[in-house]
1. Of the listed values (1) 38, 25, 21; (2) 45, 28, 20; (3) 35, 33, 20, grab the one calculated as semi-axes √(5λ) of the Cα gyration tensor in Å from the structure here.
2. Per residue of segment 32-39, in order, report the coupling 6.51 cos²θ - 1.76 cosθ + 1.60 (Karplus, θ = phi - 60°) as ³J(HN,Hα) in whole Hz, putting x for Gly and Pro.
3. Ignoring everything except DSSP H segments at least 4 long, calculate the 222 nm mean residue ellipticity for the chain; use -39,500 (n - 2.57) per segment, divide by total residues, nearest 500.
4. Let me check against my output: what whole-number percent is the relative contact order of the chain, with C-alpha pairs under 8 Å and at least 6 apart?
5. Calculate, for the chain, the solvent-accessible area per residue in square angstrom, rolling a 1.4 angstrom probe over the heavy atoms of the protein chains.
6. Could you rank the peptides 129-138, 334-343, 253-262 by their average count of other C-beta atoms within 10 Å per residue, with the highest value first?
7. If you place +1 on the Cβ of every Lys and Arg and -1 on the Cβ of every Asp and Glu, how big does the dipole about the Cα centre of the chain come out, in debye to the nearest 20?
8. If you stretched the chain out fully between SER37 and GLU395, how much longer would it get, using 0.36 nm times the residue separation minus the C-alpha to C-alpha distance?
Amino acid sequence: ARDIQVILVAGSRLLCYLARAQLGALLPILSVELRLSTADQGYLMSRYASGYIATQILGGICADRLGGYPVLAFVMVASGMCCLAAPSLALLGTIPFGMAFTTLGLVQGAAFPAGNVVCSRWLLPSERSFSSNLSAIGAATGGFLVASGAPAIAESFGWQAVFFTSAALCFLFAAAWLCLGSSCPTQCSYISQEELSVLRDACILPAATTTKNVPRQQALGDILPPPEFFLHTSVGTLFLCHFAQNWQQYFNEWLPLFYNTRLGVPSDLAGFHIGAIALVELPARAATTGLPALLRHCGFSNLQCRKLMSLQGFTFHLMLCLSIAALLLHTGATALSFTVLLGLTKASQAFHAGGYYANYLDLSQNYSGILTGVGNTVATAAGVAFPRFASWSLEGSDGSWLLLVLSLMFMDVLAIIAIPCGMSADCLDDTVYLKITSPKAPAAPDDSKSQ
């Protein structure tokens, strides 16, 4: 049953990325058919993130309180409806078309927190890296399917068919989730008693099914963790790493325009290049899935595994961006050379599933939903800022793609500096709880002095 939940959560990530990435994949075609200016392109590309950033925290709270099952069910049905409505709204103008993606972002803001809540209530600590990696594989698969398939579908049946296909897939997945998904093990109809015993022995079930944590949640307001929780250095480091990788992710959504305008590659052939880039990420994530377990077998602690994995990811990405910058300065560079380097940058992100990405499940069990929601809100700010920054950088005939690559390198450097000093794999629930629920602690020194 645990495997089924992990696969379903990864499937939800696949469809969320498939739905959100279709605009970027279709942008060269839409720019011609809808006569979009550079400013219009920046506006449309930022709409999803504008909605996505608004519901992260609320989605995390709802998932913590209601469970991940109803939240993910709502997300997938509403996502299908947004995709279904997008072609009709495009006929009304750029602003109504953008509203479809704003709404899509609003409803999908709860998907990541809800998925993490499901995983935190189902999985053993040793399974968290695998779950994070599989979810990342799902996201990469969604990006690959859109990048490679959307241009071909648009050329054969029209760009509207891409949105209709996405809607159908969302509805089909929603049906599967309603049949097989579950917020926690005790609510699952097909879990075995043996698996329940394993989870009880690992102290996974008490957090969700006994009264062990009830006093703690009441002391913390029953919904929100105290401010000290979010001010912890390890939480800030986690949020910074997520923001840095998201900055890289939103750059990738501009690759269809890069191949079409900077390299002069036709839209259908550009889809082949971008599909190849996404395809490289899949075997990379598969290859790194077992790496955290191998490091622990070699004597590395959980924290050392987290640090090493993410440091590798950001360092490799920085080195590859240096090479891409050099190619941009070389007038004879081919599209294939860019595809190779960009594919390797995507592959370098595979390390993060066993690094900072799994930290969302390490740092809290009681509040994994809202932690994920706040962290993803901070990280999604990159999705609002980067399209604006990109449209400003590319404005006019002398638009600079080099400036965008330099911004990626800057984010890599920030993360590389922060990880050794601030990352932690310790659960903060007990630490923060003791600080909040010990108001009489200052009286202890007085008692000792009186003695």
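1. Recomputing semi-axes √(5λ) of the Cα gyration tensor in Å here picks out (1).
2. 7, 6, 9, 6, 8, 7, 4, 5
3. Numbers: 22 runs with 341 residues, N = 451.
Helix-only estimate at 222 nm: -25000 deg cm²/dmol.
4. On the way: 713 pairs, mean separation 118.3, N = 451.
Across the chain, relative contact order equals 26 percent.
5. Details: 18100 Å² over 451 residues.
Using a 1.4 Å probe on heavy atoms only, each residue of the chain averages 40 Å².
6. Ranked from most to least packed, the peptides come out as 129-138, 253-262, 334-343.
7. Working: 21 positive and 23 negative charges, 48 e Å.
Using Cβ point charges on Lys, Arg, Asp and Glu, the chain gives about 220 debye.
8. Details: separation 358, 0.36 × 358 = 128.88 nm, distance 0.99 nm.
Here the segment from SER37 to GLU395 would lengthen by 127.9 nm.
The values are calculated or read from the model by the stated rules, or taken from the named source; none is laboratory data. Everything quoted here is computed from the prediction, not taken from an experiment. As a convention, Cβ positions derive from the backbone with ideal geometry for all residues, glycine included, and neighbour counts pool all protein chains shown. Surface accessibility is based on the protein's heavy atoms, side chains included, excluding ligands, DNA and RNA. Shrake-Rupley method; radii C 1.70, N 1.55, O 1.52, S 1.80 Å.
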